[in-house]
Amino acid sequence: MKALGKGSIASIVQVGLQIAWIVLWVMAGLLLVGAIAYGVILFLISNGSIDPALLEGGSGAARVGGGSGDFHLTYDQPGGGRWPVVVPALLIGAVAIAGSLVIVWRLKQLFDSFSSGEPFRRENANHLRVIWITMLVIELSRYALMALTGVLITTFAPDVHGEISISFDFSSWLSILVLVVLAEVFREGARLKEEQELTI
């Protein structure tokens, strides 16, 4: 099977990218619903409808409504739902999903040109450049948000037990460097192609 053009490997990758695009939007929707639901829970806790222990840990009961037709829920959980834990987690998820959407969108544009058999377009170098910049932003944001999580937990929830580890992902940084080089290769390829067309 050929790598470029119609009916090629690039065309198969295009289908996979379209599926990834849809899945990422579903995940973005779920994250938004989760953030709204968490906001509603915080509001209900603030007006006394729900026991704060729901997020702070321990056992308790949540009651919404009044009289015999109210909603009643009992729970027993360790308290990982406090805002210093959940808010940074939601931010990390938002950065990861938003960055992935940008990357997949650019990859879709890239593989559109691969499927048409024209890999050395000038815009392909720009797509690769945006992809590596987005990956760089995701990595730096991950470090910053994990550090923020540690500061928030230490300051506002020191009794929450757990471990936060900020690891150096060698493969991500290597991928970024490879994409930097590839972007320049595609830029040079597009320049040579344009010069050749002008010469002809």
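Please go through segment 18-43 and give me each residue that is surrounded by 14 or more Cβ atoms within 10 Å (Cβ to Cβ) and among the aromatic types (Phe, Trp, Tyr), ordered by number.
Trp21, Tyr38 - these are the residues of segment 18-43 that are surrounded by 14 or more Cβ atoms within 10 Å (Cβ to Cβ) and among the aromatic types (Phe, Trp, Tyr).
Looking at (1) outside any helix (DSSP H, G or I); (2) touching a helix residue (DSSP H, G or I) at 6+ places or on another chain (Cβ under 9 Å); (3) modelled with pLDDT of 65 or more; (4) not hydrophobic (A, V, I, L, M, F, W, C), can you tell me which one Gly34 breaks?
Looking at each condition in turn, Gly34 falls short on (1).
Given Arg121, Arg142, which one is of a type outside the set (A, V, I, L, M), over 24 Å from the mean Cα position of the chain (by Cα) and at negative phi?
That would be Arg121, the only listed residue that is of a type outside the set (A, V, I, L, M), over 24 Å from the mean Cα position of the chain (by Cα) and at negative phi.
Considering only segment 124-134, I want to know if a residue exists there that is touching a residue at least 40 places away in the same chain (Cβ under 8 Å) and within 13 Å of the chain's Cα centre (by Cα).
So far as segment 124-134 goes, no, none of its residues is touching a residue at least 40 places away in the same chain (Cβ under 8 Å) and within 13 Å of the chain's Cα centre (by Cα).
Could you tell me which of the residues Gly150, Gly93, Gly117 is assigned to a helix (DSSP H, G or I) and modelled with pLDDT under 85?
Gly150
The values are calculated or read from the model by the stated rules, or taken from the named source; none is laboratory data. From a predicted model like this one, the values you see are computed outputs, not experimental measurements. Backbone-built Cβ (ideal geometry, glycine too); neighbour counts: all protein chains shown.
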